[in-house]
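Chemist: Got a structure for you, written out below as C-alpha coordinates; questions coming shortly.
The values are calculated or read from the model by the stated rules, or taken from the named source; none is laboratory data. Computed from a prediction, not measured in an experiment: that's the story for all the values here. Here the Cβ is made from the backbone with ideal geometry for all residues, glycine too, and neighbour counts use every protein chain on show.
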Amino acid sequence: MNLHKYHSSIKPLRKAIDALPVTPGSYALLLQLRQRERLAVGKLGIFDFLPGEYVYFGSARGSGGIRARLGRHLRGAGKLHWHIDFLRTSARVSGYFYLSDDVVAELPVRTRRSLECIWSQRCAQNRLFQLAAPGFGASDCINRCESHLYRFSERDVSTDAIRSMMADAVGVGSACIVGAFV
Ligand SMILES: [Zn+2]
(Lines give C-alpha, C1' and ligand atoms only; values in the text may rest on other atoms or scores of the structure.)
Protein backbone atom coordinates (compact mmCIF):
# COMPACT_ATOMS: atom_id res chain seq x y z
CA MET A 1 0.00 0.00 0.00
CA ASN A 2 1.31 3.40 -0.95
CA LEU A 3 0.85 5.39 2.27
CA HIS A 4 2.25 8.57 0.83
CA LYS A 5 -0.29 8.48 -1.95
CA TYR A 6 -3.08 7.75 0.50
CA HIS A 7 -2.24 10.72 2.72
CA SER A 8 -1.69 13.09 -0.14
CA SER A 9 -5.17 12.33 -1.47
CA ILE A 10 -6.89 13.03 1.87
CA LYS A 11 -5.21 16.32 2.70
CA PRO A 12 -6.28 18.30 -0.37
CA LEU A 13 -9.85 17.12 0.20
CA ARG A 14 -9.87 18.55 3.72
CA LYS A 15 -8.28 21.74 2.41
CA ALA A 16 -10.86 21.95 -0.35
CA ILE A 17 -13.69 21.64 2.17
CA ASP A 18 -12.15 24.25 4.51
CA ALA A 19 -11.90 26.66 1.59
CA LEU A 20 -15.65 26.54 0.91
CA PRO A 21 -17.79 29.47 2.14
CA VAL A 22 -20.41 29.03 4.87
CA THR A 23 -22.79 31.34 3.01
CA PRO A 24 -25.89 29.84 1.38
CA GLY A 25 -25.82 29.30 -2.37
CA SER A 26 -26.43 27.02 -5.33
CA TYR A 27 -24.10 24.46 -6.83
CA ALA A 28 -23.32 21.88 -9.47
CA LEU A 29 -21.75 18.63 -8.32
CA LEU A 30 -19.75 16.73 -10.95
CA LEU A 31 -19.60 12.98 -10.56
CA GLN A 32 -17.97 10.15 -12.43
CA LEU A 33 -19.36 6.66 -12.69
CA ARG A 34 -16.87 4.11 -14.00
CA GLN A 35 -19.26 1.23 -14.67
CA ARG A 36 -22.94 0.63 -15.17
CA GLU A 37 -24.76 0.49 -11.84
CA ARG A 38 -28.29 -0.50 -10.92
CA LEU A 39 -29.16 1.62 -7.92
CA ALA A 40 -32.18 2.06 -5.71
CA VAL A 41 -32.70 5.80 -5.25
CA GLY A 42 -34.80 6.08 -2.10
CA LYS A 43 -38.51 6.14 -2.83
CA LEU A 44 -37.96 7.28 -6.44
CA GLY A 45 -37.24 3.77 -7.65
CA ILE A 46 -34.50 1.63 -9.18
CA PHE A 47 -32.50 2.99 -12.10
CA ASP A 48 -29.67 1.78 -14.33
CA PHE A 49 -26.97 4.42 -14.38
CA LEU A 50 -24.67 4.21 -17.39
CA PRO A 51 -20.96 4.90 -17.03
CA GLY A 52 -19.96 8.48 -17.68
CA GLU A 53 -19.99 11.94 -16.19
CA TYR A 54 -22.94 13.32 -14.26
CA VAL A 55 -23.88 16.80 -13.14
CA TYR A 56 -26.29 17.36 -10.28
CA PHE A 57 -27.71 20.79 -9.44
CA GLY A 58 -28.69 21.65 -5.90
CA SER A 59 -28.92 24.42 -3.37
CA ALA A 60 -27.29 24.75 0.03
CA ARG A 61 -29.52 26.75 2.35
CA GLY A 62 -29.10 24.77 5.57
CA SER A 63 -26.82 25.64 8.46
CA GLY A 64 -23.18 25.72 7.36
CA GLY A 65 -24.24 26.76 3.84
CA ILE A 66 -22.16 25.71 0.86
CA ARG A 67 -19.34 24.26 2.99
CA ALA A 68 -21.65 21.92 4.90
CA ARG A 69 -23.49 20.67 1.83
CA LEU A 70 -20.60 20.30 -0.61
CA GLY A 71 -18.43 18.95 2.21
CA ARG A 72 -21.00 16.23 2.77
CA HIS A 73 -20.97 15.33 -0.94
CA LEU A 74 -17.18 15.36 -1.07
CA ARG A 75 -16.76 13.14 1.99
CA GLY A 76 -19.57 10.85 0.89
CA ALA A 77 -20.46 10.31 4.53
CA GLY A 78 -23.72 10.40 6.44
CA LYS A 79 -27.12 8.82 6.13
CA LEU A 80 -28.64 8.33 2.70
CA HIS A 81 -31.15 11.16 2.66
CA TRP A 82 -31.22 13.03 -0.66
CA HIS A 83 -31.37 11.21 -4.01
CA ILE A 84 -27.81 12.29 -4.74
CA ASP A 85 -26.58 10.42 -1.64
CA PHE A 86 -27.61 7.13 -3.27
CA LEU A 87 -25.67 7.85 -6.48
CA ARG A 88 -22.74 9.10 -4.43
CA THR A 89 -22.29 5.63 -2.90
CA SER A 90 -21.12 4.39 -6.34
CA ALA A 91 -19.85 7.52 -8.07
CA ARG A 92 -16.71 9.53 -7.46
CA VAL A 93 -17.00 13.30 -7.06
CA SER A 94 -14.74 14.83 -9.69
CA GLY A 95 -15.46 18.49 -8.99
CA TYR A 96 -17.98 21.19 -8.28
CA PHE A 97 -19.07 24.70 -9.10
CA TYR A 98 -20.96 27.01 -6.79
CA LEU A 99 -22.51 30.45 -6.82
CA SER A 100 -22.89 32.14 -3.45
CA ASP A 101 -26.16 33.92 -2.65
CA ASP A 102 -24.05 37.00 -1.80
CA VAL A 103 -23.31 37.35 -5.49
CA VAL A 104 -26.87 36.53 -6.55
CA ALA A 105 -28.22 39.31 -4.27
CA GLU A 106 -26.70 41.83 -6.70
CA LEU A 107 -28.66 40.44 -9.63
CA PRO A 108 -32.06 41.50 -10.98
CA VAL A 109 -34.91 39.90 -9.01
CA ARG A 110 -36.12 37.67 -11.85
CA THR A 111 -32.95 35.58 -11.75
CA ARG A 112 -33.19 34.90 -8.02
CA ARG A 113 -35.59 31.99 -8.40
CA SER A 114 -34.08 28.55 -7.80
CA LEU A 115 -30.85 28.62 -9.75
CA GLU A 116 -30.59 24.83 -9.64
CA CYS A 117 -33.79 24.77 -11.69
CA ILE A 118 -32.54 27.32 -14.22
CA TRP A 119 -29.41 25.22 -14.73
CA SER A 120 -31.28 21.90 -14.83
CA GLN A 121 -33.62 23.25 -17.49
CA ARG A 122 -30.67 24.44 -19.57
CA CYS A 123 -29.33 20.87 -19.55
CA ALA A 124 -32.77 19.45 -20.35
CA GLN A 125 -32.80 21.58 -23.52
CA ASN A 126 -29.27 20.61 -24.57
CA ARG A 127 -28.91 17.38 -26.56
CA LEU A 128 -25.41 16.84 -25.13
CA PHE A 129 -26.99 16.12 -21.73
CA GLN A 130 -29.15 13.06 -21.11
CA LEU A 131 -31.86 12.63 -18.55
CA ALA A 132 -30.37 10.06 -16.20
CA ALA A 133 -33.26 9.26 -13.85
CA PRO A 134 -36.62 11.07 -14.20
CA GLY A 135 -37.51 13.00 -11.05
CA PHE A 136 -34.02 12.71 -9.56
CA GLY A 137 -33.48 15.48 -7.00
CA ALA A 138 -36.66 17.17 -8.14
CA SER A 139 -39.25 15.80 -5.70
CA ASP A 140 -39.74 19.22 -4.11
CA CYS A 141 -39.07 21.17 -7.31
CA ILE A 142 -41.68 23.88 -7.84
CA ASN A 143 -40.40 24.70 -11.33
CA ARG A 144 -41.41 21.39 -12.90
CA CYS A 145 -37.91 20.21 -13.71
CA GLU A 146 -37.81 16.70 -15.12
CA SER A 147 -34.67 16.07 -13.11
CA HIS A 148 -31.82 17.84 -11.37
CA LEU A 149 -29.34 15.20 -12.59
CA TYR A 150 -27.93 14.89 -16.12
CA ARG A 151 -25.41 12.58 -17.72
CA PHE A 152 -22.86 13.71 -20.26
CA SER A 153 -19.65 12.58 -21.92
CA GLU A 154 -16.45 14.47 -21.22
CA ARG A 155 -15.71 14.11 -24.94
CA ASP A 156 -18.68 16.34 -25.73
CA VAL A 157 -18.87 18.68 -22.75
CA SER A 158 -15.94 20.29 -20.95
CA THR A 159 -16.11 21.53 -17.38
CA ASP A 160 -15.45 25.02 -18.77
CA ALA A 161 -18.55 24.66 -20.93
CA ILE A 162 -20.61 23.80 -17.84
CA ARG A 163 -19.26 26.82 -16.00
CA SER A 164 -20.05 29.08 -18.99
CA MET A 165 -23.55 27.62 -19.27
CA MET A 166 -24.17 28.27 -15.55
CA ALA A 167 -22.88 31.84 -15.75
CA ASP A 168 -24.78 32.61 -18.94
CA ALA A 169 -28.06 31.20 -17.60
CA VAL A 170 -27.90 33.48 -14.56
CA GLY A 171 -26.38 36.51 -16.27
CA VAL A 172 -23.10 36.70 -14.34
CA GLY A 173 -19.48 36.54 -15.45
CA SER A 174 -17.83 33.11 -15.38
CA ALA A 175 -15.58 34.33 -12.55
CA CYS A 176 -18.63 34.42 -10.23
CA ILE A 177 -19.00 30.66 -10.62
CA VAL A 178 -16.33 29.23 -8.34
CA GLY A 179 -15.09 25.76 -9.19
CA ALA A 180 -12.63 23.14 -7.99
CA PHE A 181 -11.69 19.67 -9.14
CA VAL A 182 -10.74 16.81 -6.90
ZN1 LIG B 1 -36.07 22.24 -10.45
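Chemist: Taking the stated definitions as given, is Glu146 surrounded by 13 or more Cβ atoms within 10 Å (Cβ to Cβ) and of a type outside the set (Lys, Arg)?
Modeler: Working: surrounded by 13 or more Cβ atoms within 10 Å (Cβ to Cβ): yes; of a type outside the set (Lys, Arg): yes.
When the stated conditions are applied, Glu146 passes them.
Chemist: Right, something else. For the range 21-81, which strands (runs of 3 or more DSSP E) that fit wholly inside it have 3 or more residues that are within 16 Å of the ligand (Cβ to nearest atom)?
Modeler: Numbers: elements: 25-33, 37-41, 45-49, 52-60.
Once the strands (runs of 3 or more DSSP E) in the range 21-81 are filtered for at least 3 residues that are within 16 Å of the ligand (Cβ to nearest atom), what remains is 25-33, 52-60.
Chemist: Looking for whichever is surrounded by fewer than 22 Cβ atoms within 10 Å (Cβ to Cβ) and in contact (Cβ under 8 Å) with a residue 60 or more places away in the chain here; the options are Leu131, Leu50. Which one fits?
Modeler: Numbers: Leu131 fails: in contact (Cβ under 8 Å) with a residue 60 or more places away in the chain.
Criteria check complete, one pass: Leu50.
Chemist: Among the residues of the range 102-115, are any surrounded by 18 or more Cβ atoms within 10 Å (Cβ to Cβ), outside any loop (DSSP other than H, G, I, E, B) and within 12 Å of the ligand (Cβ to nearest atom)?
Modeler: Scanning the range 102-115, I find at least one residue that is surrounded by 18 or more Cβ atoms within 10 Å (Cβ to Cβ), outside any loop (DSSP other than H, G, I, E, B) and within 12 Å of the ligand (Cβ to nearest atom), so the answer is yes.
Chemist: Residue under question is Leu80, and the condition is that it be within 18 Å of the chain's Cα centre (by Cα) and crowded, with 22+ Cβ neighbours inside 10 Å; does it hold?
Modeler: On the way: within 18 Å of the chain's Cα centre (by Cα): yes; crowded, with 22+ Cβ neighbours inside 10 Å: no.
No; evaluated as a whole, the condition is false for this residue.
Chemist: Tell me which residues, restricted to the range 116-155, are more than 13 Å from the ligand (Cβ to nearest atom), over 11 Å from Tyr56 (Cα atoms) and among the charged types (D, E, K, R).
Modeler: Those that are more than 13 Å from the ligand (Cβ to nearest atom), over 11 Å from Tyr56 (Cα atoms) and among the charged types (D, E, K, R): Arg127, Glu154, Arg155.
Chemist: Okay, next question. From the list Gly95, Gly64, Gly76, exactly one residue is at pLDDT 95 or above, under 22 Å from Phe181 (Cα atoms) and of a type in the set (Gly, Ala, Ser). Which is it?
Modeler: Numbers: Gly95 fails: at pLDDT 95 or above; Gly76 fails: at pLDDT 95 or above.
On inspection, the qualifying residue turns out to be Gly64.
Chemist: When the residues of the range 1-20 are filtered to those that are closer than 25 Å to Val103 by Cβ and assigned to a loop (DSSP other than H, G, I, E, B), which remaining residue is modelled with the highest pLDDT?
Modeler: Only one residue tops the list, namely Leu20.
Chemist: Collect the residues in the range 28-74 that are closer than 26 Å to Ala161 by Cβ and aliphatic (A, V, I, L, M), keeping them in residue-number order.
Modeler: Hits for the range 28-74 are Ala28, Leu29, Leu30, Leu31, Leu33, Leu50, Val55, Ala60, Ile66, Leu70, Leu74.
Chemist: Could you tell me how many of the residues in the range 85-98 are surrounded by 15 or more Cβ atoms within 10 Å (Cβ to Cβ), closer than 20 Å to Ala16 by Cα and touching a residue at least 12 places away in the same chain (Cβ under 8 Å)?
Modeler: Matching residues across the range 85-98 total 8.
Chemist: Still on this structure, I have one more. If you check every pair at least six apart or on different chains, which have Cβ atoms under 6 Å apart with a residue in the range 151-166 that is within 20 Å of Gly25 (Cβ to Cβ) and at pLDDT 95 or above first and a residue that is β-branched (Val, Ile, Thr) and in a loop (DSSP other than H, G, I, E, B) second?
Modeler: Arg163/Ile177; Met166/Ile177
Chemist: Please state which one of Leu30, Leu50 is touching an Asp or Glu at 6+ places or on another chain (Cβ under 7 Å), under 21 Å from Val157 (Cα atoms) and of a type outside the set (Phe, Trp, Tyr). Quick ask: steps written out before the conclusion?
Modeler: Details: Leu50 fails: touching an Asp or Glu at 6+ places or on another chain (Cβ under 7 Å).
Leu30 is the lone residue from the list that is touching an Asp or Glu at 6+ places or on another chain (Cβ under 7 Å), under 21 Å from Val157 (Cα atoms) and of a type outside the set (Phe, Trp, Tyr).
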